[in-house]
1. Can you name the residue in segment 83-127 that is in a helix (DSSP H, G or I), among the aliphatic types (A, V, I, L, M) and surrounded by fewer than 21 Cβ atoms within 10 Å (Cβ to Cβ) and is also nearest to the chain's Cα centre (by Cα) among such residues?
2. Among the numbered criteria (1) at pLDDT 70 or above; (2) closer than 30 Å to Asn358 by Cβ, which one does Gly42 miss?
3. Does Thr210 satisfy the criteria of being in contact (Cβ under 8 Å) with a residue 12 or more places away in the chain, among the β-branched types (Val, Ile, Thr) and surrounded by fewer than 18 Cβ atoms within 10 Å (Cβ to Cβ)?
4. Confirm whether Ile49 is aliphatic (A, V, I, L, M) and either in a loop (DSSP other than H, G, I, E, B) or modelled with pLDDT of 95 or more (or both).
5. Scanning segment 356-396 for residues that are modelled with pLDDT under 80 and not in a helix (DSSP H, G or I), which turns out nearest to Val78 (Cα to Cα)?
6. Quick check on my filter: what residues within segment 213-246 are among the β-branched types (Val, Ile, Thr) and buried (at least 18 other Cβ atoms within 10 Å of the Cβ)?
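The values are calculated or read from the model by the stated rules, or taken from the named source; none is laboratory data. Just so it is clear, the structure is predicted and the values come from calculations on it, not from any experiment. Cβ coordinates were reconstructed from backbone atoms using ideal geometry, including for glycine residues, and neighbour counts include every protein chain displayed.
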Amino acid sequence: MFHWGKWKKRMGANSSSKRPVFDEKEDVNFDHFQILRAIGKGSFGKVCIVQKRDTEKMYAMKYMNKQQCIERDEVRNVFRELEILQEIEHVFLVNLWYSFQDEEDMFMVVDLLLGGDLRYHLQQNVQFSEDAVRLYLCEMTLALDYLQSQHIIHRDVKPDNILLDEQGHAHLTDFNIATIIKDGERATALAGTKPYMAPEIFQSFVSGGTGYAFEVDWWSLGVTVFEVLRGWRPYDIHASNSVESLIQLFSTVSVQYSPTWPKDLVSLLRKLLTVNPEHRFSSLSDMQTAPYLADVNWDAVYEKKMEAGFVPNKGRLHCDPTFELEEMILESRPLHKKKKRLAKNRSRDNSKDSQSENDYLQECLEVVQQEFMIFNREKLKKRQEEGQSEAGNYDASGDGDGEAESGAADEDANEPEPGPEADPEQAPESASKLSMCGSVCSSPGSC
């Protein structure tokens, strides 16, 4: 059996006492990380555990093949996810630390959470206690309330996208189909995973209507809590169900709650699984009015001082072991051979005519290369700290208002790394460049 704890200690013992030093002005890139193990795979991206060579900090690294993203119309989704993740940070989200690219892939380096996702534990037949799920409910409430304050609809809240840390606390991940709505806007796209999608998403798709907003995430949270407690979902919905049949289902089928659940819990789930979004619980203030959560110390929840009802076994990795085997044996472009492969490709490209076999694809790849957003949260935090320090010194001298100076420093420090999309003046040009590739570089239903 693989023992994760022993392996981590061994990695620490084997690491060189002299860490490599990278130029602070240099952008973080693939060479700054040691690839340790593959732990996950999505429809067009993969995830592995990495260690940053200079700080020896561990992260999860998601990497997406550019050509596949173009062919599957996913470029805009990746860019929108990056745009969102660069602007947010929360204790119950899986936060972005770095983004960078090379000729083959786009990379996102995020918080490493080793406790597995809730779907994995359900498949392992874990019986979650009511106390454990109550804490997940509170933690996801804080996460969704924060996203709402940032004008973000996640649109894919489900057990697969809720990861546990080693202490058993829940973190929301995967912003691939998230969207931003401001100033009373409404989303209209048919986006999400059908069994967790709110009725108004289907209704909007069929009848046009007024679209939908943040309430859809709270419906998904209700479905998720029900499933994690019961072992199955409140509605028997599958990917093959037609949209029309689902609209009919929500108007005719009533949810059957477990008779063993406390009445206050059932009452709260009813509020989350209310078909009419206008009457649905959809904010922290709504949740705080629920008798089931009346005694919750929300500050203690935010500070992770509440003891988790389920703590993942620290002696093992909570993921499918076949991911590592596939990467090592079946993957045609394995990550651990990337350096040699890219060097060989560059040599080959230099030795032949630059005309590509597929000019259209090459053009799109060049657009992605130009428009990709580079990000470094580590640099941002250093700038923030330096700004706050300078503000404090300025105030101490008696020459000005330290509080105002600190606010200005913070605002400046939160600006994204300079890049193709950082300047608002460049936005129209960026949009036109992406649309230049037609359907290849765009993703339908992006709002």
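1. This residue is Ile84.
2. Of (1) at pLDDT 70 or above; (2) closer than 30 Å to Asn358 by Cβ, only one is false for Gly42: (1).
3. Considered against the rule, which asks whether it is in contact (Cβ under 8 Å) with a residue 12 or more places away in the chain, among the β-branched types (Val, Ile, Thr) and surrounded by fewer than 18 Cβ atoms within 10 Å (Cβ to Cβ), Thr210 comes out as yes.
4. Judged against the criteria, Ile49 is not a match.
5. Top of the filtered list is Asn358.
6. First pass over segment 213-246, keeping only residues among the β-branched types (Val, Ile, Thr): 216, 223-225, 228, 237, 243.
Scanning segment 213-246 gives Val216, Val223, Thr224, Val225, Val228, Ile237.
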